[in-house]
Amino acid sequence: SCHSSKQKCMLDIRRTFSSIAEKIFISAPLTNCMYHILDKITPIHETSSGMYAWIAALGHLLVDILIMDSILVFTMMVVTSMLEGRRRKGLSATTTTLWNDIQSNYRATVKASWISSTLMSPVQFLSFRYLPVQMRMLVVNVEDVVWDGVVSYQAHKKSRT
């Protein structure tokens, strides 16, 4: 991480492994489960065609961006903070705590995630529309490299200063 413009940027190994662990054990299974639920509620591939399929894909995309992003930002902030060793130590204004991190960074991080997801939404929309859930997860995992970078940067922005 970079703490000032004059300092070299270095890979934060603890944050990297925390993010990978959170993705493997929390976010990816949760996302996969949600995609299967969405496909059961509003199937896109098996029986749908025409305008219904496009509307269903748009609905899946909106749920993913507006609801899932909000949940995944929260889980990422909690799990990575805990794995990085920044646990709740109290509510003292001078102590960096998990709770304070979430209070001060959550809204801005969700906003950044929505912007990132919106920029990638054409690819994601097409994956919702044309790919089965298993293949869709591959596309989402590639997109998540960018999304995770944006979210991690924003979530840890205040802890760098």
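Computed from the coordinates by the stated procedures, all read-outs in this text should not be read as laboratory data. Predicted model only: the values in this text are computed from it and were never measured. Neighbour counts are summed over all protein chains in view; Cβ atoms, including those assigned to glycine, are modelled from backbone coordinates with ideal geometry.
For this structure, a couple of remarks:
- Here the spin labels are modelled as points 7 Å beyond Cα on the Cα-Cβ line, and at Ala28 and Ser49 they lie 3.6 nm apart.
- Relative pair counts by distance (%), Cα atoms of region 100-161, 10 Å bins: 23, 42, 24, 11, 1
- Sequentially through region 116-127, phi angles give Karplus couplings (6.51, -1.76, 1.60; θ = phi - 60°) of 4, 5, 5, 5, 8, 4, x, 5, 5, 4, 5, 5 Hz, Gly and Pro residues having no value and appearing as x.
- In straight-distance terms, cross-link reach from Lys111 covers every one of the aspartates and glutamates whose alpha-carbon lies under 13 Å from its own, apart from those fewer than eight places away in the same chain; here that gives Asp69.
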